[in-house]
Amino acid sequence: MTVPKIGWIYVITCDLYDKEGIMKMGYTEKPDMLEEQVRSSLIQRYATTLISPRILALVKIAYPKEAEKALFEKLKEKKHAKEIFKCNFETDISPVLSWLSNEFQADAPHEIRLEILEKLLCRLRKKTKAIVRDLSYQRRLFDYIQLNSNGLYSNNQSILYNLMNTMPHPNITRSDMEWFNIPENANIIPMRTMRVEFAFTNPHNWDRKDPKLHEFLKKILDTV
């Protein structure tokens, strides 16, 4: 089965557009971003050309380029200029966006794209040194996992719980000394490194059909 491209249809306005009764619509391909990140990216993008831009709608869809064409075709009688439409959001645009959501469903069936999961795991592997050596960072990571992983599929939970439960704890004798400089801990670092890399190396170990996996891994990277 061919995995569809995933993207977003957006409707944006600003103070001037409001006065003229117009809105700008389009699509963006940002499949590796969460909704709030896409919103922030669009606001930054249009802040240079629009005064006080505001997003009226942001809809995640499959085949965004084709979805944009369908959107423009549905609203062709309301077209004011390129990607600009003069119409009412509630009566004209909102019903078309609902139709697009069904016609170009992004989450049916849900499956995070392999290349996106690989990128997320790669970014987590880059934090291996912090996870292995910085015990305060490790505690924050493990606390986040314990508090937020309940909604994940059982296979993905198992990977994370195995990481937490099999991570060798170092011998700490003095709080003012970095634990990895203590001779008794010489074998701990490679063991801890192996555990982290095992968890975050092979994307095929993860259940990509888990609808919460993408957001969970992104928020680990962005918040921990």
Cα convex hull of region 1-44: how many Å³ per residue? 76 Å³
Given 4 °C and 1.567 mPa s, compute D for the chain with the Stokes-Einstein relation, Rh being the Kirkwood radius over Cα pairs; round to the nearest whole µm²/s. 63 µm²/s
Helix 154-165 versus the longest principal axis of the chain: what is the Cα-based angle in degrees, 0 to 90, to the nearest 10? 40 degrees
Taking the chain and dividing mean pair separation by its residue count, relative contact order in percent (alpha carbons under 8 Å, at least six apart): 21 percent
Expressed as an acute angle from 0 to 90° and rounded to the nearest 10, what is the orientation of the C-alpha long axis of helix 94-103 relative to the principal long axis of the chain? 60 degrees
Which value, in debye to the nearest 20, describes the size of the charge dipole of region 6-103 about its Cα centre when Lys and Arg Cβ atoms bear +1, Asp and Glu Cβ atoms bear -1, and nothing else is charged? 240 debye
According to the Cα gyration tensor, what semi-axes, each the square root of 5 times an eigenvalue, does the equivalent ellipsoid of region 114-223 have, listed from largest to smallest in whole Å? 27, 14, 12
Can you list which of the GluC sites (Glu not before Pro) found in region 4-99 are DSSP loop residues with at most 16 other C-beta atoms within 10 Å? GLU29, GLU83
Summing +1 per Lys or Arg and -1 per Asp or Glu among the other residues with Cβ less than 13 Å from ILE159's Cβ gives -1
With only Lys, Arg, Asp and Glu charged, each at its Cβ (+1 for the first two, -1 for the last two), find how big the charge dipole of the chain is about the Cα centre; round to the nearest 20 debye. 400 debye
Cβ-derived FRET efficiency at R0 35 Å, ASP207 paired with ARG45, nearest 0.05: 0.55
Please return the longest range in the chain lying between exposed loop sites, taking trypsin sites (Lys or Arg not before Pro), DSSP loop only, at most 14 other beta-carbon atoms within 10 Å, and leaving the sites out. 1-81
Using only Cα atoms, find the angle between the long axis of helix 64-74 and the longest principal axis of the chain, and express it within 0 to 90 degrees, rounded to the nearest 10. 20 degrees
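FYI, it's all coordinate maths here, none of it is from the lab. All of these numbers come straight from a predicted model, not from anything done at the bench. Because the Cβ atoms are built from the backbone with ideal geometry, glycine has one as well, and the counts that use them run over all protein chains shown.
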